[in-house]
1. With the structure loaded, tell me whether Leu419 is open to solvent by 20 Å² or more (accessible area, probe 1.4 Å), in contact with a helix residue (DSSP H, G or I) (Cβ under 9 Å, 6 or more places away or on another chain), at pLDDT 95 or above and not small (Gly, Ala, Ser) or whether it fails that test.
2. Search region 46-71 for residues being in contact (Cβ under 8 Å) with a residue 40 or more places away in the chain and not in a helix (DSSP H, G or I), and hand back the single one that is farthest from Ala82 (Cα to Cα).
3. Can you spot a residue in region 309-327 that is of a type outside the set (D, E, K, R), farther than 30 Å from Glu248 by Cα and open to solvent by 20 Å² or more (accessible area, probe 1.4 Å)?
4. With the checklist (1) free of Cβ contacts under 8 Å to residues at least 60 places away in the same chain; (2) over 26 Å from Thr276 (Cα atoms); (3) in contact with a Pro (Cβ under 9 Å, 6 or more places away or on another chain) in hand, flag the one item Asp204 doesn't pass.
5. Within region 389-405, count every residue that is over 16 Å from Ser373 (Cα atoms), part of a loop (DSSP other than H, G, I, E, B) and charged (D, E, K, R).
6. Condition (residue is in contact with a Lys or Arg (Cβ under 8 Å, 6 or more places away or on another chain) and buried (at least 21 other Cβ atoms within 10 Å of the Cβ)) applied to region 272-290: is it met by at least one residue?
7. Quick check on my filter: what residues within region 192-223 are open to solvent by 10 Å² or more (accessible area, probe 1.4 Å) and part of a strand (DSSP E or B)?
8. Could you tell me which residue of region 229-266 is nearest to the chain's Cα centre (by Cα), considering only residues that are of a type in the set (D, E, K, R) and modelled with pLDDT of 95 or more?
Amino acid sequence: MKAAFMTLGCKVNQFETETMEGLFRARGYEVVPFEAAADVYVINTCSVTHLSDRKSRQLIRRAARTNPAACIAVTGCYAQVAPEEIRALAGVRVLIGTKERARIVDYVEEALRADRTLGTITDIMQARVFEDIPLQSMPHRTRAFLKIEDGCQNFCTFCIIPYARGPVKSRALSSVAREMKLLTEAGFYEVVLTGIHLGAYGIDLTERPTLADACRTALAEKGLRRLRLGSLESVELSADLLELMRTEPRFAAHLHLPLQAGSDNVLRAMNRHYDTAAFAALLEDVRRAVPGVAISTDIIVGFPGETEEDFMAGLDFVRRVGFARMHVFPYSARRGTPAAQRRDQVPYAVRKERAAHMQTLADKMAEDYHRASLGAVMDVLFETTKDGVTDGLTETYIRVYTDADVARGEIASMRLTHLYRDGVWGELISK
C-alpha cells in the first residue's frame, strides 16, 4: 500500500505530518510523493487565511483526480473549523481535526473496508492533554522540528487558530527528552522547538515547567549541536530563558518575536497584549541580555481600520527598532474571526501597496544586517546544494552560500565575505 502526504501552513503542521508519516511507515505503507498514484492521500490543512482554505480544497481535488479510488484523509486546522465543507468534497473518506491523529491509520484502514466517511471532529476547546505521538521515522531534512506545545489562549482578533487548536497543551519534559534522544541519535545537529503558543509552555502541567526548563531538557542531549526556538510572544520571554541563551553556546541566539503592527491603534484592535513602547523596551532588554542576538518578526499591514497615519507610524517604528528579518503579510480576512466582521476593511489595492512598501523596508533592513556580519566567522548548518553551490544557516539565521566542499547536514565554520542573493557568501575555515 502506498501513502502520500501534503502539508500546508506552519512548522507545527510540518512536524505533525512527520509523526503521521511515521505511523503509516510503521504499518508497512510505502510513502510516495504527493504527485504519484497512491492508495491513501493525507492532507494536513491550514486555516490561517481564506487562501489557506482554498489551497486545501484544491489539494483534495487534485488527489481525487490522481486516483479516484484512493482514500483521502484530511486533518488539521481547516478540518477542525469547517468539517462540513470538507465532507462535501469528492473522495474524502477520513476527516480528523487537530486531535486524535494518533488513530489516523486505523481510520484509513477501516475506511478502505467501508463505504463511508470516518473520523471524528472533537470539541477542541475541551481538549486538555497534549497528544503525544512518538516519532516512528526520521524527518527528511537537516534540521528537525520538535513540537512541545499545542493550543493558544491569546485570541487575537484576526486569528482563527485558538478555535482550531483549543487551549494550551504542553508536552511532558520526559517526552521532550525521549524525542530529543531519538533525533540526535538519528544524526540531527539542530533541533527547533515549536508550538502554537510556545511561550505558554508548561502552564497547564502540574509541575509548571517553563520554556527554559524544556530548553534545558533538550540541551541535556550531548549530541545536539544547535537548539533553536520557533516563534513566541515577546511578553512571555523570561530572564531565565535569556540567561540560558546567553550562557549556552549551543542555544542559537535568534528569536522570532511577532510584532504584527507598529501602531498602538492597530495593536489594540488586534487584541495584542502590549503597545509599541513596551515592545521596544523589551527588545532593548533582550539585546542587553543576549549580545548579538538576531530578532526577526511578523508584520500584518492593512488591518481593518488601519489609517495611512497608522501605517506610517508602523513604518517609523519598525525602522527605529530594527529587525534582522521581517515577514510581511497583507491582512487577509478569516471568516469566523472578529476582525473579518468589521465594516472598515482596507481596500485590497491599498493593502497590497502598503505590503510592498513595508517589504521594501524589510529587504533594506535585512541587507544592512547581512552587511554588518561581513568579516565574521560563523558556524553554518548546510541544507541544500544546487548547481555546485551549497547553502545553510548560521545560528543568527543568516543564509550562507558557498562552493566549498561541504555536505548537506554538516556544520562548518565559514568566513562571511560579501553579500550574495538573499544572504552572504562564505569561505570555508574548518569543518
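The values are calculated or read from the model by the stated rules, or taken from the named source; none is laboratory data. This one's a predicted model, so the numbers in the text were calculated from it and none came from an experiment. Ideal geometry is used to build each Cβ from the backbone, glycine not excepted, and the neighbour counts take in all protein chains shown. Calculation scope for accessible area: heavy atoms of the full protein, side chains included, ligands and nucleic acids excluded. Shrake-Rupley method; radii C 1.70, N 1.55, O 1.52, S 1.80 Å.
1. Details: open to solvent by 20 Å² or more (accessible area, probe 1.4 Å): yes; in contact with a helix residue (DSSP H, G or I) (Cβ under 9 Å, 6 or more places away or on another chain): yes; at pLDDT 95 or above: yes; not small (Gly, Ala, Ser): yes.
So Leu419 passes the test.
2. Taking region 46-71 and keeping what is in contact (Cβ under 8 Å) with a residue 40 or more places away in the chain, we get 47-52, 55-56, 59, 63, 71.
Then drop every residue that is not not in a helix (DSSP H, G or I), which leaves 47-49, 71.
On the way: Ser47: 9, Val48: 12, Thr49: 13, Cys71: 20 Å.
My answer is Cys71.
3. Keep residues of region 309-327 that are of a type outside the set (D, E, K, R), which gives 311-315, 317-318, 321-324, 326-327.
From what is left, the residues that are farther than 30 Å from Glu248 by Cα are 311-315, 317.
When the remaining residues are screened for being open to solvent by 20 Å² or more (accessible area, probe 1.4 Å), the result is 312-313.
Among the residues of region 309-327, at least one is of a type outside the set (D, E, K, R), farther than 30 Å from Glu248 by Cα and open to solvent by 20 Å² or more (accessible area, probe 1.4 Å), which makes the answer yes.
4. Against the list (1) free of Cβ contacts under 8 Å to residues at least 60 places away in the same chain; (2) over 26 Å from Thr276 (Cα atoms); (3) in contact with a Pro (Cβ under 9 Å, 6 or more places away or on another chain), Asp204 comes up short only on (1).
5. The qualifying residues number 2.
6. Checking region 272-290: at least one residue is in contact with a Lys or Arg (Cβ under 8 Å, 6 or more places away or on another chain) and buried (at least 21 other Cβ atoms within 10 Å of the Cβ).
7. If the condition is that a residue be open to solvent by 10 Å² or more (accessible area, probe 1.4 Å) and part of a strand (DSSP E or B), then Gly195 is the only one that fits.
8. Here is the first cut: in region 229-266, the residues of a type in the set (D, E, K, R) are 233, 236, 240, 243, 246, 248, 250, 264.
Now drop any that are not modelled with pLDDT of 95 or more, which leaves 240, 243, 246, 248, 250, 264.
Values: Asp240: 24, Glu243: 24, Arg246: 24, Glu248: 24, Arg250: 21, Asp264: 26 Å.
The selected residue is Arg250.
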